Amino acid sequence: MVDASYTPDALTRRRAITLGGAALLASALLAKSGSAGAATERSMRSASLTQVRNATLRINYGGVRFLVDPVLADKDAYPGFVGTANSQRRNPLVPLPMPLASIVDVDAVIVTHLHPDHWDEVAKAKLNKSLPIFAQNTEDAAQLRSAGFSDVRLLTENTEFRAVRLNRTGGQHGTDAALKALPQILGPVSGFVMSHPAHKALYVAGDTIWNAEVERAIVRHSPEVIVLNAGMATVIGLDPIIMGPADVLAVHRAAPNAMLIASHMEAFNHCVLSRADLRAFSKRDGYEQRLLIPADGETLAI
């Protein structure tokens, strides 16, 4: 059972507190000047993350608007993933929480890998084909170019975009046994770290379980904010292929001062861990104050 402190009113107050600092900063900057220069300064000094749906994120960082892992189809557009938990349900399970036009109005796109719950046909059709789009490797880049995108770039361990530094990180999309059973399906995956002098270092781990690659990224980059795909996606007969409560706890123990943000939840059929259950686990294990679990459409100051 979820603790009574996690009522809708309590969560609303918590989100208001989270966003309050960014709102005050924005007001102060606007008060100083109504000029375009002040607006630019405000965007450079504030950073935010919007949980769109599943692993789709909008990140405003260093004055740049990034869209991560866009899946933009309507609710129930695709069949459930064969051989996974709850495969009788159609995907996505929930609608987009905001207008499509506002989601795709960005400066660049990052695609951690090309699984259909991270990159879909609607994204291919609706995104501006001239947008810079970052891919994890040459194979993914080739597929993105074949879809008509003209400015496809490789995400490396030392990439820069408009003064935002992007560092590709590795991951493992399931246990060793899962990778052995489904090597072509689970394949290579990635995450990334964003850094900028005005902001906290942000690590988006991507589709991975807790493993040496995640630990290495934390040690190397000392991220202050970490986004975890924590829906505990499950293939029948295998251990979960993305993080669940034990993985999230391991990340907290490796980076106890970082703020964790849980994503990739309650939107595709194979994700079996609910937001309420993860919140209850975090309270039981004593780190609920270091974990944010945004609803679809919710924006957090980071």
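Since every read-out is calculated from the coordinates, none of them should be taken as a lab result. All values reported here derive from a predicted model rather than from experimental measurement. As a convention, Cβ positions derive from the backbone with ideal geometry for all residues, glycine included, and neighbour counts pool all protein chains shown.
Apply the a/c threshold of 1.5 to the C-alpha gyration tensor of the range 164-291 and tell me whether it is rounded, prolate or oblate.
Oblate.
Relative contact order, percent, of the range 105-223 when contacts are C-alpha pairs under 8 Å separated by at least 6 residues?
20 percent.
Rank 211, 229, 158 by mean-square fluctuation in a GNM of the chain with C-alpha springs under 10 angstrom and give only the top-ranked residue.
Comparing 211, 229, 158 in the GNM, the peak value goes to 158.
Quick one: which residues, 5+ away or cross-chain, put their amide H under 5 Å from the amide H of residue 302? H built at 1.01 Å from N.
Excluding prolines and chain starts, which carry no amide H, the hits are 47, 48, 49.
Please report, in debye to the nearest 20, how large the charge dipole of the range 145-202 is about its Cα centre when each Lys and Arg carries +1 at its beta carbon and each Asp and Glu carries -1 there. Please list the in-between numbers first.
On the way: 7 positive and 4 negative charges, 24 e Å.
With only Lys, Arg, Asp and Glu charged at Cβ, the dipole is about 120 debye.
In terms of Cα to Cα distance under 30 Å, which lysines are near enough to residue 200, apart from those fewer than 8 places away along the same chain?
32, 283
Quick one: which of 56-67, 174-185 comes out on top by average Cβ neighbours within 10 Å, and what's the full order, highest first?
On the way: 56-67: 21.7, 174-185: 14.0.
Highest-to-lowest ranking by the protection proxy: 56-67, 174-185.
Take the alpha carbon atoms of the range 194-254, find their center, do the same for the range 95-144, and report the distance between the two centers in whole angstrom.
Between the Cα centre of the range 194-254 and that of the range 95-144, the gap is 21 Å.
Out of residues 5 or more away from residue 84 or on other chains, whose amide H comes under 5 Å of its own, with H placed 1.01 Å from N in the peptide plane?
Under 5 Å from the amide H of residue 84: 236.
Report, ordered by chain and residue number, the aspartates and glutamates lying within cross-link reach of residue 180, taken as a straight Cα distance under 19 Å and ignoring same-chain residues fewer than 8 apart.
Qualifying aspartates and glutamates at Cα under 19 Å: 207, 213, 239.
Leaving out same-chain residues fewer than 8 places away, which lysines sit with a Cα under 27 Å from that of residue 75?
Reachable lysines: 124, 126, 129.
Using a Gaussian network model on the chain with a 10 Å cutoff between Cα atoms, which of 238, 49, 72 fluctuates the most?
Comparing 238, 49, 72 in the GNM, the peak value goes to 238.
Divide by every residue of the chain the summed helix terms, -39500 (n - 2.57) for each DSSP H run of at least 4, and state the resulting mean residue ellipticity at 222 nm, rounded to the nearest 500 deg cm²/dmol.
-9000 deg cm²/dmol
Just need the relative contact order of the chain here, percent rounded to a whole number, with Cα pairs under 8 Å and 6+ apart.
Values: 651 pairs, mean separation 58.0, N = 302.
So the answer I get is 19 percent.
Around residue 134, which amide H atoms from residues at least 5 apart in sequence, or from another chain, sit under 5 Å from its own amide H, with H modelled in the peptide plane?
The answer is 109, 110, 111, 153.
Rounded to the nearest 20 Debye, what is the dipole magnitude of the chain about its Cα centre when Lys and Arg each give +1 and Asp and Glu each give -1 at the C-beta?
720 debye
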